[in-house]
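The values are calculated or read from the model by the stated rules, or taken from the named source; none is laboratory data. No experiment lies behind these values; they were computed from the predicted model shown. All Cβ positions, glycine included, derive from the backbone under ideal geometry; neighbour counts span all protein chains shown.
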Amino acid sequence: MRVNYFCTNANNYDMQKVIITGGTGYIGSHTVVEFQNAGFEVVTIDNLSNSIIEVLDGIKKITGKRPIFYQTDVSEQKNLETVFQEHSSAVAVIHFAAYKAVGESVKEPLKYYHNNIQGLVNILSNMLKYDIPNLVFSSSCTVYGQPEKLPVTEETPVVKPESPYGNTKKINEEIIVDTINSSDNLNAISLRYFNPIGAHTSAHIGELPLGVPDNLLPYITQTAIGLRQELSVFGDDYNTPDGTAIRDYINVCDLAKAHVFAVKRLLNKTSRYETFNIGTGKGSSVMEIIKAFEISTGQKLNYKIVNRRAGDIEQVWADTSKANKVLGWKAEVSLNETVKSAWEWQKRVQES
Ligand code: UFG
């Protein structure tokens with residue numbers, strides 16, 4: 001097993017420790033920052049398949065501290081167990097490590113079922129074995145499909161997912177519930193993310209897509225900086241005010257903070273299992289995102305309207321009142337500030 005110790009934080013005996021899988025990834029790295037800022041000691045696990053080790057430098061520039069890091073794969077139980085054994089004093093696990101490309105999951109479903117399902121099974125087995133009682137799971141609004149009624153509440157029916165990726169999120173939530181029901185001491189919260197965008201305001205960490213980005217914001221920033229010729233807007237004939245599809249775009253730092261609120265709630269032992277929608281409560285169309293980008297950055301964006309993308313839903317946005325009331329969490333950063341942060345990050349990546 002290749003284990004890299006970059007920092008042992010040997011004096012922090014009184015700090016509460018959390019294990020964050022996928023901690024050098026996009027949402028994971030922002031979440032490491034928020035836990036460190038909240039006074040937790042953080043152990044990160046990542047196989048670096050979709051992220052780079054230098055992310056730890058960015059985290060250190062923001063928080064002054066490099067998290068403990070293990071390069072290992074959550075689907076490899078033997079290696080994973082060594083980490084859990086060594087850090088069995090952790091109060092919670094925040095589990096991000098998973099493949100996430102919707103299109104790829106349609107082409108290579110077994111890759112997704114193996115990594116995303118086996119990874120969670122291994123995490124839960126270790127949590128039971130080493131008595132780590134609290135899990136925050138990285139789920140997705142994809143479990144709701146195209147809902148009949150908007151906004152989406154946590155009571156909105158979970159439907160058959162559009163893709164193997166979405167199915168792994170649905171199955172993972174079910175595995176967590178079954179495991180909790182069979183155990184005395186395991187508790188969990190699933191956070192159903194809407195569309196995370198933006199970067200840390202310091203521009204030391206952000207989204208680093210490998211190859212051509214699938215998602216809207218990285219495609220926009222790469223087009224504006226000249227890496228891509230033009231953005232394709234996938235469809236302007238949807239039943240929405242301007243004809244383009246609507247999503248709930250949530251600032252990645254706001255989203256990361258929700259995990260700290262979730263761990264604090266789990267530590268209070270108020271409930272065994274809960275789900276929360278993590279979004280802003282407001283939907284924005286693709287054209288509105290383009291306008292917000294142009295206004296907040298002063299960059300003119302080259303785009304054209306093309307056909308709808310297969311598998312896209314028309315519109316979805318969150319009812320976040322449960323997260324607001326029960327978790328005490330609320331999205332705070334505006335859309336304009338968020339798209340500006342994505343642009344500042346893109347410029348930093350270009351310079352380096
Ligand atoms: N879009 C474009 N052009 C692009 C990229 C995207 O017009 O180049 C549009 C899409 O058609 C969609 C919107 O921008 O209408 C958002 O697309 P993203 O690919 O950024 O995000 P999705 O909503 O398709 O997918 C996201 C996550 C998935 C998750 C899903 C849940 O990436 O992991 O939300 O709904 F499953």
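Yes or no: region 166-184 includes at least one residue that is modelled with pLDDT of 95 or more, buried (at least 16 other Cβ atoms within 10 Å of the Cβ), more than 16 Å from the ligand (Cβ to nearest atom) and on the phi > 0 side of the Ramachandran plot. No, there is no match, as no residue in region 166-184 is modelled with pLDDT of 95 or more, buried (at least 16 other Cβ atoms within 10 Å of the Cβ), more than 16 Å from the ligand (Cβ to nearest atom) and on the phi > 0 side of the Ramachandran plot.
Assess whether L301 counts as being within 12 Å of the ligand (Cβ to nearest atom), at pLDDT 95 or above, in contact with a helix residue (DSSP H, G or I) (Cβ under 8 Å, 6 or more places away or on another chain) and not in a loop (DSSP other than H, G, I, E, B). So L301 does not fit the description; no. Of G23, G28, all but one fail to be buried (at least 24 other Cβ atoms within 10 Å of the Cβ), in contact with a helix residue (DSSP H, G or I) (Cβ under 7 Å, 6 or more places away or on another chain) and within 19 Å of G119 (Cα to Cα); the exception is G23.
Within the set G206, G279, G198, the sole residue that is out of contact with any Lys or Arg (no Cβ under 6 Å at 6 or more places or on another chain), over 16 Å from E34 (Cβ atoms) and at pLDDT 95 or above turns out to be G279.
Exactly one residue out of V55, V93 is under 19 Å from the mean Cα position of the chain (by Cα) and either small (G, A, S) or within 22 Å of I171 (Cβ to Cβ) (or both): that is V93. Within the set S89, S125, the sole residue that is surrounded by fewer than 22 Cβ atoms within 10 Å (Cβ to Cβ), outside any helix (DSSP H, G or I) and polar (S, T, N, Q) turns out to be S89.
Flag not set for L255, criterion: closer than 18 Å to N50 by Cβ, within 10 Å of the ligand (Cβ to nearest atom) and among the aliphatic types (A, V, I, L, M).
Restricting attention to region 208-222, the residues being farther than 18 Å from S105 by Cβ and either aromatic (F, W, Y) or more than 9 Å from the ligand (Cβ to nearest atom) (or both) number 4. Step by step: first the residues of region 276-304, then only those that are under 30 Å from K169 (Cα atoms) and small (G, A, S), then the one that is surrounded by the fewest Cβ atoms within 10 Å (Cβ to Cβ). Which residue is that? Only one residue tops the list, namely G281.
Would you say K347 is more than 13 Å from the ligand (Cβ to nearest atom), in the same structural domain as G103 (by TED's automatic domain parsing) and either closer than 26 Å to F234 by Cα or loosely packed, with under 13 Cβ neighbours inside 10 Å (or both)? So K347 fails the test. Summed over region 304-352, residues that are free of Cβ contacts under 8 Å to residues at least 12 places away in the same chain, within 26 Å of S51 (Cα to Cα) and assigned to a loop (DSSP other than H, G, I, E, B) total 1. A single entry from L56, L80 fulfils the requirement of being buried (at least 21 other Cβ atoms within 10 Å of the Cβ), touching a helix residue (DSSP H, G or I) at 6+ places or on another chain (Cβ under 7 Å), in the same structural domain as S138 (by TED's automatic domain parsing) and not charged (D, E, K, R): L80. Would you check if there is a residue in region 106-113 being of a type in the set (D, E), within 16 Å of the ligand (Cβ to nearest atom) and at pLDDT below 95? The answer is no, given that none of the residues of region 106-113 is of a type in the set (D, E), within 16 Å of the ligand (Cβ to nearest atom) and at pLDDT below 95.
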